[in-house]
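Peer 1: Starting off with a structure, shown below.
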Amino acid sequence: MRLVLATRNAHKLRELAQLMEPIELEPLPDEVELPPETGTTFADNALLKARAAAAATGLATIADDSGIEAAALGGAPGVWSARYAGEGAGDVENLAKLLEEVPQGADPRVTYVCAIAYVDPDEGELVVHGRCTGTLTHEPRGEGGFGYDPAVVPDDLPGDGRTMAELSAREKDAISHRGRAARELKLKLLRAEDRGRPRGPLGDLFHRGRG
């Protein structure tokens, strides 16, 4: 099975390609333009991108939207995570703003959220979600991962103390929001394919036009 991945983010392409094996992911063709992320939820934005890429290529497509929600900020930055410090801001600027707005002594709880949308032009669409909870540290550490990873200590490794950026790729994939969402989608796709669907392998798992 081969799917188009609707992203221009090289980190996501590399990470999702590993997570979705043995399903193969194809890069988004250069000529396909993705719409702006105007949705109010991660599912909305994932569907916007997957629908646009599926319509342009005529192929089954997946797209993810993900970010971090800080309890001290009422769930912000949320869908604005990738541009929290402004349009064109990078990981360093976004993380710096989050640490500034959640000072030491504030509620440190954070949740990574990921929505992955699967869209087949003929059969319909499906959205799965993954979550990873943790605490924010004001001493960023680690060279792995990307985004807010250097400042997030995951709850899944109690007493370990390492940030997401200090974990190996295998350790991170096992507990990350994107890893959990990707495994759920992969399981649904492979199970449906085993049932022998000729196209649109999700069959009755699809919902049409709903985020």
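The values are calculated or read from the model by the stated rules, or taken from the named source; none is laboratory data. Quick caveat, the model's predicted, so the values are computed rather than measured. Glycine also receives a Cβ, built like all others from the backbone with ideal geometry; neighbour counts cover every protein chain displayed.
Peer 1: The conditions are (1) within 20 Å of residue 192 (Cβ to Cβ); (2) over 19 Å from the mean Cα position of the chain (by Cα), and residue 46 fails exactly one of them. Which is it?
Peer 2: Single failed check for residue 46: (2).
Peer 1: Restricted to the stretch 7-20, and to residues that are free of Cβ contacts under 8 Å to residues at least 60 places away in the same chain and assigned to a loop (DSSP other than H, G, I, E, B), which residue is surrounded by the fewest Cβ atoms within 10 Å (Cβ to Cβ)?
Peer 2: 8
Peer 1: Something else: Please work out which one of (1) assigned to a helix (DSSP H, G or I); (2) at pLDDT 95 or above; (3) surrounded by fewer than 18 Cβ atoms within 10 Å (Cβ to Cβ) is the condition residue 47 fails and give its number.
Peer 2: Unmet condition: (3).
Peer 1: Then there is this: Please go through (1) farther than 18 Å from residue 6 by Cα; (2) exposed (fewer than 14 other Cβ atoms within 10 Å of the Cβ); (3) of a type in the set (Asp, Glu); (4) under 20 Å from the mean Cα position of the chain (by Cα) for residue 33 and return the number of the only condition it doesn't satisfy.
Peer 2: (1)
Peer 1: Quick check on the stretch 176-196. Is at least one of its residues in contact with a helix residue (DSSP H, G or I) (Cβ under 7 Å, 6 or more places away or on another chain), of a type in the set (Asp, Glu) and either within 21 Å of residue 16 (Cβ to Cβ) or modelled with pLDDT of 95 or more (or both)?
Peer 2: Taking every residue of the stretch 176-196 in turn, none turns out to be in contact with a helix residue (DSSP H, G or I) (Cβ under 7 Å, 6 or more places away or on another chain), of a type in the set (Asp, Glu) and either within 21 Å of residue 16 (Cβ to Cβ) or modelled with pLDDT of 95 or more (or both).
Peer 1: Taking only pairs six or more apart or across chains, which ones have beta-carbon atoms under 6 Å, a first residue in the stretch 145-161 that is touching a residue at least 40 places away in the same chain (Cβ under 8 Å), and a second residue that is assigned to a loop (DSSP other than H, G, I, E, B) and of a type in the set (Gly, Ala, Ser)?
Peer 2: 150/142
Peer 1: Moving on. Within the stretch 1-15, can you find the residues that are under 18 Å from residue 146 (Cβ atoms) and modelled with pLDDT under 95?
Peer 2: 7, 8, 9, 10, 11, 12, 13, 14, 15 - these are the residues of the stretch 1-15 that are under 18 Å from residue 146 (Cβ atoms) and modelled with pLDDT under 95.
Peer 1: May I ask you to verify whether residue 102 is in contact with a Pro (Cβ under 8 Å, 6 or more places away or on another chain), crowded, with 16+ Cβ neighbours inside 10 Å and either modelled with pLDDT of 95 or more or under 30 Å from residue 58 (Cα atoms) (or both)?
Peer 2: yes
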